Amino acid sequence: MSKHRVVVLKIVAGQLSVSQAAEQYRTSRQYLHRLLARYRAEGLTGLEPRSRRPKSNPAMASESVRARVVELHLALTAAGLDAGPGTISWHLEQEQIRPPAISTIRRVLHAAGLVTAQPRKRPRTSYVRFQADLPNQCWQSDFTHRQLADCSGVEILNWLDDHSRYLLACVAFPRVTGDDVVNTFLTSCDTHGVPVSTLTDNGAVYTSRLTGGQNAFEYLLPLLGVIQKNGSPNHPQTQGKIERFHQTLKRWLAAQPAPATISALQHQLDTFTSHYNRHRPHRAFNRTTPADAYHAHPKAAPATTTTNSHYRIRYDRIDITGRITLRRAGKLHHLHIAAAHKGTRVLVAISDDTTVTTIALDTR
């Protein structure tokens, strides 16, 4: 028989008073009075030990919030987007719902069977991380592969701001060439400004330094005062941000219907770019979107260029008549080079005083 029953029965039988029982069994009179009240209301079953767990918890997530957590996880996963507890918390805030703690969201997902166990990962403290201090201080670039509905291969070229992870360009090509690298870079510069430096791997579209040559991209960067950086061969960790970005891009594309054409794929990429930049919180910035992080600080710019005047850059090819055509102040200007140089790729710098500098790159 439990201690509670013995005490109460002795009091009820008149063997002990409440004060005597409290002294003998080393408990409070208030507690014995509560036991007596439970005995009168429920009998001996009312004297069984009870849980001390509170009947309510103001910090506990409501059923509606728990259900919304599960719904968000399923919806984000189906769309190929990040569906971790931190991201779900951000989305709840956007819906004007007060989110529970990250640990609570994690427990909700575990209880719903939505968390897949993973092998123990390398600890974050073992990585040496670096990040540009300002937007446009460094742009990372690389390209990845994708298949169309007919299983034909295409390549996607990306430019990513190192500081904010802002996606500057995401363009599909049948095969990425050096021309594509130069053109997408110049287009991004026109839209976002010229970066201080670039960081890429040693692919032939970015550099010919390992083969003793110089490609169009390498001619262009010094003209703009941009510092070129290349990672060590066979060491993709140097370009870790763009490599990690490709995982996010591929996971999203895998959740979309396979596009039939490159233009259809480009439409998907444009949709992804908008979502990634403006509606996807990034852990590196306390769940701030890349667009907010990119515009939160002044943009860095190259310290020096090859000229003191402002100018725009054209990447062109001399036509069969030996000319290139430029538009200045709404008028077309035909610059005659020589028919012998037809087909030659050139970099054309047009200064604010209409001075034109032409740099021949090759004769292909």
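Of all residues in the stretch 158-180, how many are in contact with a helix residue (DSSP H, G or I) (Cβ under 6 Å, 6 or more places away or on another chain), modelled with pLDDT of 95 or more and more than 24 Å from Asp292 (Cβ to Cβ)?
Within the stretch 158-180, residues that are in contact with a helix residue (DSSP H, G or I) (Cβ under 6 Å, 6 or more places away or on another chain), modelled with pLDDT of 95 or more and more than 24 Å from Asp292 (Cβ to Cβ) number 2.
Against the conditions (1) closer than 26 Å to Arg317 by Cβ; (2) in contact (Cβ under 8 Å) with a residue 24 or more places away in the chain, where does Gly231 fall short? Just the number, please.
That leaves (1) as the condition not met.
Of all residues in the stretch 192-201, count the ones that are over 15 Å from Phe143 (Cα atoms) and in a loop (DSSP other than H, G, I, E, B).
Counting residues in the stretch 192-201 that are over 15 Å from Phe143 (Cα atoms) and in a loop (DSSP other than H, G, I, E, B) gives 4.
Rundown of residues vs (1) at pLDDT below 85; (2) of a type in the set (Val, Ile, Thr); (3) within 19 Å of Leu134 (Cβ to Cβ), yes/no style:
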{"position": "Thr273", "(1), (2), (3)": "no, yes, no"}
{"position": "Arg314", "(1), (2), (3)": "yes, no, no"}
{"position": "Thr321", "(1), (2), (3)": "yes, yes, no"}
{"position": "Thr325", "(1), (2), (3)": "yes, yes, no"}
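Applying the selection to the stretch 72-101, what residues are under 19 Å from Arg251 (Cα atoms) and of a type in the set (Asp, Glu)?
Correct list: Asp82 only.
I'd like to verify a number: residues in the stretch 199-214 that are closer than 23 Å to Ala303 by Cα and either touching a residue at least 24 places away in the same chain (Cβ under 8 Å) or of a type in the set (Gly, Ala, Ser) (or both), how many?
Qualifying residue count for the region: 3.
Could you list all residues from the stretch 133-183 that are small (Gly, Ala, Ser), within 13 Å of Leu249 (Cα to Cα) and over 18 Å from the mean Cα position of the chain (by Cα)?
Selection gives Ala172 alone.
Taking the stretch 242-281 as the search range and keeping residues that are under 9 Å from the mean Cα position of the chain (by Cα) and closer than 17 Å to Trp139 by Cβ, which one is surrounded by the most Cβ atoms within 10 Å (Cβ to Cβ)?
Tyr276
Residues being assigned to a helix (DSSP H, G or I) and farther than 30 Å from Ala79 by Cβ: count how many of those fall in the stretch 202-257.
Looking only at that region, the number is 13.
The values are calculated or read from the model by the stated rules, or taken from the named source; none is laboratory data. As the structure is a computational prediction, the values presented were derived from the model and not from experiment. Note: ideal-geometry Cβ built from the backbone for every residue, glycine included; neighbour counts use all protein chains shown.
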